[in-house]
Amino acid sequence: EAGVAQSPRYKIIEKRQSVAFWCNPISGHATLYWYQQILGQGPKLLIQFQNNGVVDDSQLPKDRFSAERLKGVDSTLKIQPAKLEDSAVYLCASSFFRGTHDEQFFGPGTRLTVL
Amino acid sequence: AQTVTQSQPEMSVQEAETVTLSCTYDTSENNYYLFWYKQPPSRQMILVIRQEAYKQQNATENRFSVNFQKAAKSFSLKISDSQLGDTAMYFCAFMNSNTGKLIFGQGTTLQVKP
C-alpha cells in the first residue's frame, strides 16, 4: 500500500513570495490533515479535512495560508505572502475516517526555508 | 485547552538497555486517547503505541510499553532492549475523543549508543 505522498520535499523562497505544497493521501482515506512543525517543536495542526469539507481550521493563519481539497482526494496548502517565521516542515497526514481510534499516517513532509 | 509536556529534550541509552521517556498532559476530558510517535532523522512520523484512556491495562507493542497513570495525567514510554534503529525523536500526543484532533508535545530526542 502506497503511503502519503508530498511534494516538493524541499523549498527555498524569499519572504513575501508565495509557495504551494501538494499532498496525496493514502487511497480511501477520508480525512486529511496539514501540520506545521517548526524546528525543535512538535507538529501543530493547521487544518483538517473530512472528504472535501473543512472540519477544523482554527489554527490556520487565514490572512496568508489557504488550503483546499478538491474532489476529496489530493490537497494543496498555499502560503501567500510568506514570512520568515513560516520556515518549518509541513506535514500531511491521512486517516481512514475521523474516528478516535484511527491511526494517522504521515507523509515525509516538505521543508520550507524562507529567506 | 489540552496541553502535552515532555520535560526531557534529549536522552541517550546504551544499546540493549532500557530507557523511559516521560510525558504529562492536562485535560478536563474523560474520554481521550494517548499516543507515542517516532520520527527518525528521515522525518517520516510513525505510530509506536496508543492507549485508550478508558482502559486500565497498559498498552504493549513488542519492546515498547507504556505506564499510563490517569489520575496523575502521566503517560511514559518504556523501550526495552534498545536498538540503534530506535534513535529518533519521540513525540507524545493527546487526542480528544470528540474532535479527533492530535496535540503533540515538544518531543524527546533519543540517541541509542553502540
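The values are calculated or read from the model by the stated rules, or taken from the named source; none is laboratory data. Not measured: the values here are computed from a predicted model. Here the Cβ is made from the backbone with ideal geometry for all residues, glycine too, and neighbour counts use every protein chain on show. Side chains included, ligands, DNA and RNA excluded: accessible areas come from the protein's heavy atoms. Shrake-Rupley method; radii C 1.70, N 1.55, O 1.52, S 1.80 Å.
Considering only the other residues whose Cβ falls under 15 Å of the Cβ of A:Lys83, what net charge follows from Lys and Arg at +1 and Asp and Glu at -1?
For residues surrounding A:Lys83, the net value is +2.
Partner chain Cβ atoms within 10 Å, averaged over the residues of A:40-48 - can you pull that number for me?
Going residue by residue through A:40-48 and averaging, the value is 5.
Excluding residues on the same chain fewer than 8 positions from B:Lys55, give the aspartates and glutamates whose Cα lies under 19 Å from its Cα.
Qualifying aspartates and glutamates at Cα under 19 Å: A:Asp102, A:Glu103, B:Asp26, B:Glu29.
In this model, which of A:Lys11/A:Lys44; B:Lys38/B:Lys101; B:Lys73/B:Lys113; A:Lys71/B:Lys38 are farther than 24 Å apart at the alpha-carbon?
B:Lys73/B:Lys113; A:Lys71/B:Lys38
Please list, by residue number, every one of the GluC sites (Glu not before Pro) in segment B:1-37 that is coil in DSSP and has at most 14 other beta-carbon atoms within 10 Å.
Here the GluC sites (Glu not before Pro) that fit, given the DSSP loop and packing criteria, are B:Glu15, B:Glu17, B:Glu29.
Name the aspartates and glutamates eligible as straight-distance cross-link partners of A:Lys83: C-alpha to C-alpha under 20 Å, and not fewer than 8 places from it in the same chain.
A:Glu14, A:Asp57, A:Asp63
So what is the relative contact order for chain A, in percent, with contacts set as C-alpha pairs under 8 Å and at least six apart?
37
Which sequence of B:Arg63, A:Arg64, A:Arg69 reflects their accessible areas, 1.4 Å probe, from the largest down?
Reading off the accessible areas and sorting them downward yields B:Arg63, A:Arg64, A:Arg69.
Compute the relative contact order of chain B as a whole-number percentage, counting only Cα pairs closer than 8 Å that sit 6 or more residues apart in sequence.
38
Only loop residues by DSSP count here, and only those with at most 11 other Cβ atoms within 10 Å; note down the GluC sites (Glu not before Pro) in segment A:1-108 that meet that.
Of the GluC sites (Glu not before Pro), the ones in loops of segment A:1-108 whose Cβ has at most 11 other Cβ atoms within 10 Å are A:Glu1, A:Glu14.
When the accessible area of each residue in segment A:73-115 is compared between its chain alone and the complete protein assembly (1.4 Å probe; ligands, DNA and RNA ignored), which residues differ by at least 50 Å², being lower in the assembly?
Residues meeting the cut-off: A:Arg98, A:Thr100, A:Glu103, A:Gln104, A:Phe106.
Consider just the alpha-carbon atoms of the protein assembly as shown and return their Rg together with their Dmax, both in angstrom.
Over the protein assembly as shown's Cα set, Rg and Dmax evaluate to 17.6, 52 Å.
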